[in-house]
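Comments concern the structure below.
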Amino acid sequence: MHSCRGITRAERSQLAAYVLMNALEPQICSAENGVGIACVPDIAVSGQLETGSLISVLEPYLEDRAKVSIMWPTSRHLSPKLRAFLDFASTELSMILSMS
């Protein structure tokens, strides 16, 4: 877990011109603290978009694309828990993707 705290003006001036991150949390935290912009899935920042702590600025330049894959080990029969999860995920993801 990454801590997210306010970043001072002096700290901002010492940051690199670009930063590469491989996790959503630090990207979102940096954007919320005014350190730059982040390209993250809308679903990861839906709360921030609703409250206005983040705004979408690149939407006109982004292609709509949604590819979701769920993988599991092969077996003859799916466990009831896996079947329930797949049914849930399929329904929820279909709803979410149809809204975008």
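Residues of the stretch 19-34 that are among the hydrophobic types (A, V, I, L, M, F, W, C) and crowded, with 16+ Cβ neighbours inside 10 Å: ILE28, CYS29, ALA31.
For the stretch 35-71, the set of residues classified as over 12 Å from the mean Cα position of the chain (by Cα), within 30 Å of LEU86 (Cβ to Cβ) and at pLDDT below 90 consists of LEU62, GLU63, ASP64, ARG65, ALA66, LYS67, VAL68, SER69, ILE70, MET71, listed by residue number.
Does GLU32 count as under 16 Å from the mean Cα position of the chain (by Cα) and over 25 Å from TYR18 (Cα atoms)? Answer is no for this residue. Among the residues of the stretch 13-23, just one is among the polar types (S, T, N, Q), more than 26 Å from GLU92 (Cβ to Cβ) and outside any helix (DSSP H, G or I), namely GLN14. Entry remark, the stretch 24-68: residues being under 25 Å from SER98 (Cβ atoms), assigned to a helix (DSSP H, G or I) and not hydroxyl-bearing (Ser, Thr, Tyr) number 12 in total.
The values are calculated or read from the model by the stated rules, or taken from the named source; none is laboratory data. On a predicted model such as this, the values are computed, not experimentally measured, just so you know. As a convention, Cβ positions derive from the backbone with ideal geometry for all residues, glycine included, and neighbour counts pool all protein chains shown.
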